[in-house]
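Structure first, commentary second.
The values are calculated or read from the model by the stated rules, or taken from the named source; none is laboratory data. Every value quoted in this text rests on a predicted model; they were computed, and no experiment measured them. So basically every Cβ, Gly included, is an ideal-geometry build from the backbone, and we count neighbours across all protein chains shown.
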Amino acid sequence: MTAFSLNPEQTAWCAELRTLADERLRPLAEKGEPGRVNRPLVEALGELSLLDHLFAGEGPGAASAARAPHAASGALGLCLLRESLAYACTEAETALALQGLGAHPVAAYGSAGQREQWLAPARAGRAVAAFALSEPGAGSDAAALALRAAPDGASSWRLTGEKCWISNAPEADFYTVFARTTPGAGARGVTAFLVPADRAGLTGTPLDMLSPHPIGALAFDGVTVTGDDVLGEPDRGFRVAMTTLNRFRPSVGAFAVGMAGAALDATLAHTARRDAFGAKLKDLQAVAHQVAEMATRTEAARLLVHAAAAAYDRGEPDIARRAAMAKLMATETAQYVVDAAVQLHGARALQRGHLLEHLYREVRAPRIYEGASEVQRTIIAKELYAANAAAPQPVTPAEEPSA
């Protein structure tokens, strides 16, 4: 299998996931309240062993993940999982992704005690996790974060400050929190902490956002954390954040591709049956060409996502560039495809409850979170110039004199 084709096992698994999402998860999603954590949905993801794929080979429960189909393994398996769930039920996909983002640092960097206490219930869907990185003045610029961790004795700190636009806040059971332990040290002075939601001094407020999933702000008023709460090493939290984001960025692209695929299929069905100007919509060249463009861009985005995930699984050195390209291409493409689908459906697509109305609200946020499109372009350019500077430079032929 290459990054550019799926084997029969993978294709069958994707079809199985779409059916599972449609029949088992969508009914739970429809009973949830927009902007709130849907705990029955998260628990169902655990009961169906879907959350295991987020942490395959890491921490308690690794054995159950090891029994998963080979199609589900690695970063590519995560991308197939997210794309398939997004196609049929975006709420289920988002709940799964947020759980992975919040708990992955515990799986990858947590102590044995942290993993035993928090990772097992997170995998089972009984404990809701959240990734608390963004702040009012430091979104994608993680090195500029200002939540202060002031020393309080030999091996403890007090957290003071704010986090904002945190998915699953303020209803999560625990947070992966990034705070500044060394002032003026940039990215090198950040530490990651595992902070239970009931820790004294920690409060939260829900935010009313365009996206229907839960997002909130957190306030830290002298919240005590100790060495037992550190994820990884003190002052090395930036590595924890970037490792987590690099793992999930290609799969953010998969989420976007899933939405684009759903919008494309809805458009194919609609334009094939809709009468307009004495023919079917699909028979109008302007419509047919638009649909062809939607399909081509979606497939290109899918291939770039799969290539980035396969490179991650192989441990290739240019993961940051590939992950950024995948997220950039896929999220921008999904925005284009969903918008075009709305245009071809007309006013009916703007009615509350319509699939495209839902996708139109969902598709906007991925172009911002986990690094806005502009940040992805910056990462790509930086990686390209660094690689160019490190590579042997070709000998340039002397210019011929002009005539």
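What the table shows:
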| item | result |
| --- | --- |
| Residue among A300, A326, A288 that is surrounded by 15 or more Cβ atoms within 10 Å (Cβ to Cβ) and of a type outside the set (D, E) | A326 |
| Qualifying residue in the stretch 230-251 (condition: in contact with a Leu (Cβ under 9 Å, 6 or more places away or on another chain), of a type in the set (K, R) and farther than 21 Å from V128 by Cα) | no |
| Residue list for the stretch 50-97, restricted to those being polar (S, T, N, Q) and modelled with pLDDT under 95 | S64, S73 |
| Cβ pairs under 8 Å, 6+ apart, first in the stretch 273-292 and assigned by TED's automatic domain parsing to the domain that holds A263, second of a type in the set (D, E) and at pLDDT 95 or above | none |
| Test set (1) free of Cβ contacts under 8 Å to residues at least 40 places away in the same chain; (2) in a helix (DSSP H, G or I); (3) within 15 Å of T94 (Cβ to Cβ) - R24 fails condition number | (3) |
| Those residues of the stretch 174-196 which are at pLDDT 95 or above and surrounded by fewer than 19 Cβ atoms within 10 Å (Cβ to Cβ), in sequence order | P196 |
| Complete set of residues in the stretch 197-229 that are in contact (Cβ under 8 Å) with a residue 60 or more places away in the chain, closer than 17 Å to W157 by Cα and surrounded by fewer than 20 Cβ atoms within 10 Å (Cβ to Cβ) | D221, G222, T224, T226, G227, D228 |
| In the stretch 266-282, the residues that are in contact with a strand residue (DSSP E or B) (Cβ under 9 Å, 6 or more places away or on another chain) and either surrounded by 11 or more Cβ atoms within 10 Å (Cβ to Cβ) or of a type in the set (S, T, N, Q) (or both) | T271, A272, R274, L281 |
| Which listed residue, of A372, A349, is assigned by TED's automatic domain parsing to the domain that holds N246, crowded, with 20+ Cβ neighbours inside 10 Å and either polar (S, T, N, Q) or within 21 Å of A86 (Cα to Cα) (or both) | A349 |
| Cβ-Cβ under 6 Å pairs, at least 6 apart or on other chains, the stretch 67-95 side closer than 17 Å to S167 by Cβ, far side modelled with pLDDT under 95 and part of a loop (DSSP other than H, G, I, E, B) | T94/H213 |
